[in-house]
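Have a look at the structure below before the remarks.
Just so you know, all these numbers are worked out from the coordinates, no wet-lab data involved. This structure is a prediction, so every number in the text was calculated from the model and none was measured. Glycine gets a Cβ as well: all are built from the backbone with ideal geometry, and neighbour counts include every protein chain shown.
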Amino acid sequence: METQNLLRYFDENLFIPNLKATTKDELLKEIVDQFVNVKYLKNSQIVLEMLYQREMLGSTGIGKGVAIPHGRTTSSSDIMIAFGKSEDGIDYDSIDGKPVHLVFMIIAPPQDENNMYLPILGKMVEILNKSKNRKKLMSIESFEEFKEFLEKE
């Protein structure tokens, strides 16, 4: 999967440059509430429950200040990705024990047409493994800058 192809799964309404959450639970709720506020999802409780179940399998805090909470739900008809960042960092029970600053929440239907869920997840990990990309994402303030980043990456 090419990085530019990721752009179709992002939306300005799901770009949150200043997360307010200070805990993992607050973070998951804040981002899911954004999906609901912009009417991409109807029921936050179903999605939150799915995310909590996923977290019980192992933290989606992958280290290096990054978390990628993700899962499949009947509440979604297409793959959607929200991006959020926290200057202060959020205690997330990450695998390296460090606070999370960059969050990409991926919500997908039980089955997606082209089976893109896992390739998207893999591509996100690949991008976020690079220190220069994490630094750049921390400096981004607008969705336009975010789009430019994905187009150039």
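Rundown of residues vs (1) in contact (Cβ under 8 Å) with a residue 12 or more places away in the chain; (2) surrounded by fewer than 20 Cβ atoms within 10 Å (Cβ to Cβ); (3) in contact with a Pro (Cβ under 7 Å, 6 or more places away or on another chain); (4) polar (S, T, N, Q), yes/no style:
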{"site": "L7", "(1), (2), (3), (4)": "yes, yes, no, no"}
{"site": "N13", "(1), (2), (3), (4)": "yes, yes, no, yes"}
{"site": "N18", "(1), (2), (3), (4)": "yes, yes, no, yes"}
{"site": "T23", "(1), (2), (3), (4)": "yes, yes, no, yes"}
{"site": "L27", "(1), (2), (3), (4)": "yes, no, no, no"}
{"site": "F35", "(1), (2), (3), (4)": "yes, no, no, no"}
{"site": "Y52", "(1), (2), (3), (4)": "yes, yes, no, no"}
{"site": "R72", "(1), (2), (3), (4)": "yes, yes, yes, no"}
{"site": "E87", "(1), (2), (3), (4)": "yes, yes, no, no"}
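Scanning the range 108-145 for residues that are over 20 Å from S76 (Cα atoms) and of a type in the set (S, T, Y) yields S131, S139, S142.
In summary, helices (runs of 4 or more DSSP H) completely within the range 38-153 and bearing 2 or more residues that are in contact with a Ser or Thr (Cβ under 6 Å, 6 or more places away or on another chain) and under 19 Å from L27 (Cα atoms) occur at 44-57.
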